[in-house]
Amino acid sequence: LPQVATNPLAAADEQGDTPPRDVTRTLARYVVNAKYEDLPASVRREAARTLLNWAGCAIGGSRHETVDIAVAALAPFSGPGQASVLGRKEKLDVLHASLMNGISSHIFDYDDTHLRTIIHPAGPVASAILAYAEYKPVSGRDFLNALVLGVETECRIGNSVWPNHYDVGWHITGTTGVFGAATAIGKLMGLNQQQMVWALGLAAVQPVGLREMFGSMTKSFHPGRAAQNGFTAALLASKNYTSSD
């Protein structure tokens, strides 16, 4: 996947003299400026495969009792039906649709995996941008570009905290997935660099996911909530809701 950091920044990181805010700004600048045309053909192909795999997993899990319960519990509190829950008749507001699709896509654990970190990257990202695209249509090129950027972001953050983060009990798909969803939605919304920084900051205060929950319905809640939280972060940032840089 595309490189985020320049060599000088990477070198500075190794010396420990790059302020965290500069790392965030570098990432935000990269995301804001990244174009579909910059994606190698191999990356576009893998992104399409990832999307197809995610959709199959989401539809496959859509009639599981986990989703039945979640929809029954939360649909009465959803806003207008703006986006679909794949494989089901219900339409919910974009934030709840993101949550439900993220839940259903992770029920059977066949969703794509970044092997080094064990992150399931598509769930939080695709669940968010599919809901957004149904509410406000975007081109296929923009959709795929946002998907790649979201996956790139969450996997890079995952690389930086693996394995300690996972070893102490965090479910890394949820905790890094929120960054992927915020990045991807922010890209589709056309956030500027400062707004993207704020979106990443807002994502950082919304981690979700504990390994303690493995074996329960809550494991699949993690990528769903990461999608919903990342979407929320981008929405707030788009209106200039500030965070630390």
Low-density loop GluC sites (Glu not before Pro), the stretch 131-225, at most 14 other Cβ within 10 Å, DSSP non-H/G/I/E/B, are none
Once normalised by the length of the chain, the mean sequence separation of its alpha carbon contacts under 8 Å that are 6 or more apart gives a contact order in percent of 22
A correct Kirkwood calculation over the Cα atoms of the stretch 66-167 returns a hydrodynamic radius in Å of 14.6
Would you kindly work out the equivalent ellipsoid of the chain from its C-alpha gyration tensor and give its semi-axes, the square roots of five times the eigenvalues, largest first in whole Å? 27, 19, 17
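With the other protein chains left in place, how much accessible area per residue, in square angstrom, belongs to the chain at a 1.4 angstrom probe? Each step should come with its number before you reach the end.
Working: 11190 Å² over 245 residues.
Computed with neighbouring chains in place, this is 46 Å² per residue.
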Straight-line reach from Lys136: which aspartates and glutamates have Cα under 14 Å away, leaving out those fewer than 8 places along the same chain? Asp93
What is the helix-to-structure angle for 41-61, meaning the angle in degrees between its Cα long axis and the longest Cα principal axis of the chain, kept from 0 to 90 and rounded to the nearest 10? 30
Please determine, in degrees from 0 to 90 and to the nearest 10, the orientation of helix 94-106 with respect to the longest principal axis defined by the Cα atoms of the chain, where the helix direction is its Cα long axis. 90
Can you grab the distance from the C-alpha centre of the stretch 191-205 to the C-alpha centre of the stretch 105-138, Å, no decimals? 20
Write out the trypsin sites (Lys or Arg not before Pro) in the stretch 108-204 meeting two conditions: DSSP loop, and at most 14 other Cβ atoms within 10 Å of their Cβ. Arg116
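Tell me what the chain gives for mean residue ellipticity at 222 nm when only DSSP H runs of n ≥ 4 count, each as -39,500 (n - 2.57), the sum divided by the residue total, rounded to 500 deg cm²/dmol. Intermediate values should be presented prior to the final figure.
On the way: 11 runs with 158 residues, N = 245.
Helix-only estimate at 222 nm: -21000 deg cm²/dmol.
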Most mobile of Val125, Val85, Val205 per a Gaussian network model of the chain (Cα springs, under 10 Å)? Val205
What does the net charge come to around Thr183 if you take all other residues with beta carbon closer than 9 Å to its beta carbon, with K and R at +1 and D and E at -1? -1
Report the calculated FRET efficiency for Arg211 and Ser139 (r = Cβ-Cβ distance, R0 = 30 Å), to the nearest 0.05. 0.20
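Which of the peptides 27-37, 214-224 is most tightly packed, and how do the rest follow, judged by the mean count of other Cβ atoms within 10 Å per residue?
Numbers: 27-37: 17.0, 214-224: 20.9.
Highest to lowest by the protection proxy: 214-224, 27-37.
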Of the heavy-atom accessible surface of the chain (probe 1.4 angstrom), what whole percent is carbon and sulfur? 56
The stretch 79-145: chymotrypsin sites (Phe, Trp or Tyr not before Pro) in DSSP coil with no more than 16 other Cβ atoms inside 10 Å: Phe108, Tyr110
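The values are calculated or read from the model by the stated rules, or taken from the named source; none is laboratory data. Bear in mind that the values here come from a model prediction, so they are computed numbers and not experimental data. Here the Cβ is made from the backbone with ideal geometry for all residues, glycine too, and neighbour counts use every protein chain on show. These area figures cover heavy atoms from the full protein model, side chains too; ligands, DNA and RNA do not enter into them. Shrake-Rupley method; radii C 1.70, N 1.55, O 1.52, S 1.80 Å.
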